[in-house]
1. By how many degrees, between 0 and 90 and to the nearest 10, does the Cα long axis of helix 167-180 differ from the longest principal axis of the chain?
2. So for the pair residue 49, residue 74, with labels modelled 7 Å out along Cα→Cβ, what separation do we get in nm?
3. How much length is gained if the chain between residue 101 and residue 179 is pulled fully straight, taking 0.36 nm per residue apart and subtracting their Cα-Cα distance, in nm to one decimal?
4. Just need the relative contact order of the stretch 74-233 here, percent rounded to a whole number, with Cα pairs under 8 Å and 6+ apart.
5. Compute the distance from the alpha-carbon center of the stretch 1-19 to that of the stretch 63-115, in whole Å.
6. Kindly put 92, 117, 212, 50 in sequence by how many other C-beta atoms sit within 10 Å of each C-beta, fewest to most.
7. For residue 13 and residue 231, what does the FRET efficiency come to when R0 = 35 Å and r is the distance between their Cβ atoms, rounded to the nearest 0.05?
8. What full-extension length gain, to one decimal in nm, is calculated for residue 109 and residue 172 as 0.36 nm per residue of separation minus the Cα-Cα distance?
């Protein structure tokens, strides 16, 4: 599905990503690493917001490098940014419907996709007329994910989905992401490694712009480096 091959990215003279490769098939994949390691830069490269100086990015066998961001989204890639970026004065329903606005196929499946979102996040169904800006942090995160799902993506990318959530909500979030992965491939950039490992199939560790480790979730949970550096064990 998604194949990132040996990309190099610079910000000015600063080398950010070094010959980085990553693959996501029909599965859920975690991307772990400290702040500044390059997780968000990698996501931006997939979306076309930054351009690699070398290497390639393919989705379902098609190179993405010549495509603009909106064209990549129309190919079936949706993203939930860390900042959520909701329309605070619009209602929950209006925010959800906006997720399908630029996807012709999704515009014809509004009710079908709404039902799918409510299946994962039933609390949203009772708040359709509520302004998005009045939702709790957890409610806004659910809405941001739901809006991305309204596009009917093949791949959903989430950047730090647990950021800013109360600890009591984090476990529930990843439980719901585990449900979502049954029908949509996921790439999750996350610092809460302990919780994320429970909902993914494989994971990559990125440090200083380089992939230093790639293993199945169960193997990562038992890896000495992961246990020391990310799990505090």
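Rule-based calculations on the coordinates, nothing more; no lab input. As the structure is a computational prediction, the values presented were derived from the model and not from experiment. FYI the Cβ positions are ideal-geometry reconstructions off the backbone, even for glycines, and counts take in every protein chain you see.
1. Approximately 90 degrees, to the nearest ten.
2. 2.1 nm
3. Values: separation 78, 0.36 × 78 = 28.08 nm, distance 2.47 nm.
Difference between extended and current length: 25.6 nm.
4. Working: 219 pairs, mean separation 38.3, N = 160.
Contact order relative to length: 24 percent.
5. Value for the Cα centre distance between the two parts: 26 Å.
6. Numbers: 92 26, 117 22, 212 12, 50 18.
Listed from fewest to most nearby Cβ atoms, that is 212, 50, 117, 92.
7. Details: r = 35 Å, r/R0 = 1.01.
FRET efficiency, residue 13 to residue 231: 0.50.
8. 19.9 nm
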